[in-house]
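Engineer: Sending over a structure as structure tokens; questions will come in a sec.
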Amino acid sequence: MRIIIFGPQGSGKGTQAELIARRHHLPYISTGDIFRYHLKNQTELGKKIGVYINAGKLVSDDLTNEIVKNRIDQPDCAVGFVLDGYPRDQVQFDFLYQLTKIDFVIVIELIDQEAIRRLGGRLACKCGLSYHLDFNPPKKTGVCDRCGHALFKRDDDQLEAIKKRLAIYHQETEPIFAAYLKDGILYHIDGSKSIEEVYQQIEKIIHQNS
Ligand code: AP5
Ligand code: MG
């Protein structure tokens, strides 16, 4: 099963993608997490992309497409995958379209105001899990339940960078939904509900259409 999760920043893409991947035993691929790994470890790639990520801008399509292709080509993706944060514009969409078939495209709907409110309370872990101070707190303050690493606030969770990311989502990402709609694989869900309720909406779609 190959799934893409879309939604505005803060809608819970990462939260839901990780849950689907864990419960369906699929690899979870987040371009944002891959980029943050390179940024933190100051790899050659990390040195090039920091300026874009922290300002909320997109990394170049060439770099992003290559990273996704390399990841999808790994043997563990033979069973499928859950993609979060890719494709984000027409160039990436075209690249992925000729690379592989997709089964489900889920769009988590949330108004910008609520998305901004959620990101204000987010705590991230380098293993990819996201927590929230009020809605999804870790069991032990400041520590990831799964891997035990210290949680941190993302550098791009500043109001200016959040607004930039939301604007790019509306201008560059939303227009690519039309092609998935035409293919009959696009599903919109209500992201304003609790994490488990949002997840159940996704499960229902997968169950009814598999
Ligand atoms: P990326 O890491 O993908 O960030 P993003 O798109 O800005 O999305 P977020 O991670 O902020 O939001 P989310 O929807 O995953 O929310 P989450 O689940 O954490 O990308 C970062 C950057 O990398 C980009 O800006 C760009 O520079 C670069 N990049 C990445 N992909 C790229 C690409 N394809 N091309 C070019 N550049 C790329 O949830 C948010 C908060 O809400 C959390 O605190 C969570 O606990 C909480 N929450 C979640 N669900 C609920 C709920 N139902 N109720 C209450 N709280 C909830
Ligand atoms: Mg995310």
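The values are calculated or read from the model by the stated rules, or taken from the named source; none is laboratory data. Everything quoted here is computed from the prediction, not taken from an experiment. We place every Cβ from the backbone using ideal geometry, glycine too, and count neighbours over all the protein chains shown.
Engineer: Which of the residues that make up region 101-114 are touching a Phe, Trp or Tyr at 6+ places or on another chain (Cβ under 9 Å) and within 15 Å of ligand 2 (Cβ to nearest atom)?
Structural biologist: Hits for region 101-114 are ILE106, VAL107, ILE108.
Engineer: Could you please tell me which pairs satisfy a Cβ distance under 7 Å, a separation of 6+ or placement on different chains, a first residue in region 141-162 that is among the small types (Gly, Ala, Ser), and a second residue that is assigned to a loop (DSSP other than H, G, I, E, B)?
Structural biologist: Between residues of region 141-162 that are among the small types (Gly, Ala, Ser) and residues that are assigned to a loop (DSSP other than H, G, I, E, B), the close pairs are GLY142/LEU151; ALA150/GLY142; ALA161/ALA55; ALA161/GLY56.
Engineer: With the requirement that a residue be of a type outside the set (A, V, I, L, M) and in contact (Cβ under 8 Å) with a residue 12 or more places away in the chain, what does region 57-75 give you? Break it down stepwise before answering.
Structural biologist: Start the filter on region 57-75 by keeping residues that are of a type outside the set (A, V, I, L, M), which leaves 57, 60-62, 64-66, 69-71, 73-75.
LYS57, ASP61, THR64, ASN65, LYS69, ARG71, GLN74 - these are the residues of region 57-75 that are of a type outside the set (A, V, I, L, M) and in contact (Cβ under 8 Å) with a residue 12 or more places away in the chain.
Engineer: Right, here's the next one. Could you look through region 112-156, keep only residues that are among the aliphatic types (A, V, I, L, M) and more than 17 Å from the chain's Cα centre (by Cα), and pick out the one that is modelled with the lowest pLDDT? Walk me through how you get there before you give the answer.
Structural biologist: Taking region 112-156 first, the residues among the aliphatic types (A, V, I, L, M) are 115-116, 119, 123-124, 129, 133, 143, 150-151.
Now drop any that are not more than 17 Å from the chain's Cα centre (by Cα), which leaves 133, 143, 150-151.
Numbers: LEU133: 92, VAL143: 97, ALA150: 97, LEU151: 97.
The extreme case among them is LEU133.
Engineer: From the residues in region 76-109 that are touching a strand residue (DSSP E or B) at 6+ places or on another chain (Cβ under 7 Å) and of a type in the set (D, E, K, R), which one is nearest to ligand 1 (Cβ to nearest atom)? So that I can check it myself, show each step before the final result.
Structural biologist: First, the residues of region 76-109 that are touching a strand residue (DSSP E or B) at 6+ places or on another chain (Cβ under 7 Å): 80-85, 100-109.
Next, from what is left, pick out any that are of a type in the set (D, E, K, R): 84, 101, 103, 109.
Numbers: ASP84: 6, LYS101: 19, ASP103: 19, GLU109: 11 Å.
The selected residue is ASP84.
Engineer: Filter region 35-56 for residues that are within 15 Å of the chain's Cα centre (by Cα) and within 10 Å of ligand 1 (Cβ to nearest atom) and give the result. Before you say what the answer is, go through the steps one by one.
Structural biologist: The first filter runs over region 35-56 and keeps only residues within 15 Å of the chain's Cα centre (by Cα), leaving 35-37, 53, 56.
Those that are within 15 Å of the chain's Cα centre (by Cα) and within 10 Å of ligand 1 (Cβ to nearest atom): PHE35, ARG36, ILE53, GLY56.
Engineer: Condition test on ALA167, is it in contact (Cβ under 8 Å) with a residue 12 or more places away in the chain and among the aliphatic types (A, V, I, L, M)? Quick ask: steps written out before the conclusion?
Structural biologist: Values: in contact (Cβ under 8 Å) with a residue 12 or more places away in the chain: no; among the aliphatic types (A, V, I, L, M): yes.
Taking the combined requirement at face value, the residue does not satisfy it.
Engineer: Can you pull out the residues in region 183-194 that are within 22 Å of GLN9 (Cβ to Cβ) and surrounded by fewer than 16 Cβ atoms within 10 Å (Cβ to Cβ)?
Structural biologist: So the first thing to find is which residues in region 183-194 are within 22 Å of GLN9 (Cβ to Cβ), and the list is 186-194.
If the condition is that a residue be within 22 Å of GLN9 (Cβ to Cβ) and surrounded by fewer than 16 Cβ atoms within 10 Å (Cβ to Cβ), then ASP190, SER192, LYS193, SER194 are the ones that fit.
Engineer: Mind telling me which of the residues VAL107, VAL91 ends up being without any contact (Cβ under 8 Å) to a residue 60 or more places away in the chain, surrounded by 14 or more Cβ atoms within 10 Å (Cβ to Cβ) and hydrophobic (A, V, I, L, M, F, W, C)?
Structural biologist: Working: VAL107 fails: without any contact (Cβ under 8 Å) to a residue 60 or more places away in the chain.
VAL91 is the lone residue from the list that is without any contact (Cβ under 8 Å) to a residue 60 or more places away in the chain, surrounded by 14 or more Cβ atoms within 10 Å (Cβ to Cβ) and hydrophobic (A, V, I, L, M, F, W, C).
Engineer: Of these, GLY32, GLY14, GLY10, which one is touching an Asp or Glu at 6+ places or on another chain (Cβ under 8 Å), more than 19 Å from ARG71 (Cα to Cα) and within 13 Å of ligand 1 (Cβ to nearest atom)?
Structural biologist: Numbers: GLY32 fails: more than 19 Å from ARG71 (Cα to Cα); GLY14 fails: more than 19 Å from ARG71 (Cα to Cα).
Answer to the check: GLY10.
Conditions tested, residue by residue: (1) more than 16 Å from ligand 2 (Cβ to nearest atom); (2) at pLDDT 95 or above; (3) surrounded by 15 or more Cβ atoms within 10 Å (Cβ to Cβ); (4) not in a helix (DSSP H, G or I).
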| residue | (1), (2), (3), (4) |
| --- | --- |
| GLY46 | yes, no, yes, no |
| VAL51 | yes, no, no, no |
| THR64 | no, yes, yes, no |
| LEU83 | no, yes, yes, yes |
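Engineer: Here's another thing I want to ask about it. Looking only at residues that are without any contact (Cβ under 8 Å) to a residue 40 or more places away in the chain and assigned to a loop (DSSP other than H, G, I, E, B) in region 22-44, which one is nearest to PHE95 (Cα to Cα)?
Structural biologist: THR43
Engineer: In region 11-44, which residue that is basic (Lys, Arg) and within 11 Å of ligand 2 (Cβ to nearest atom) is modelled with the lowest pLDDT?
Structural biologist: ARG36
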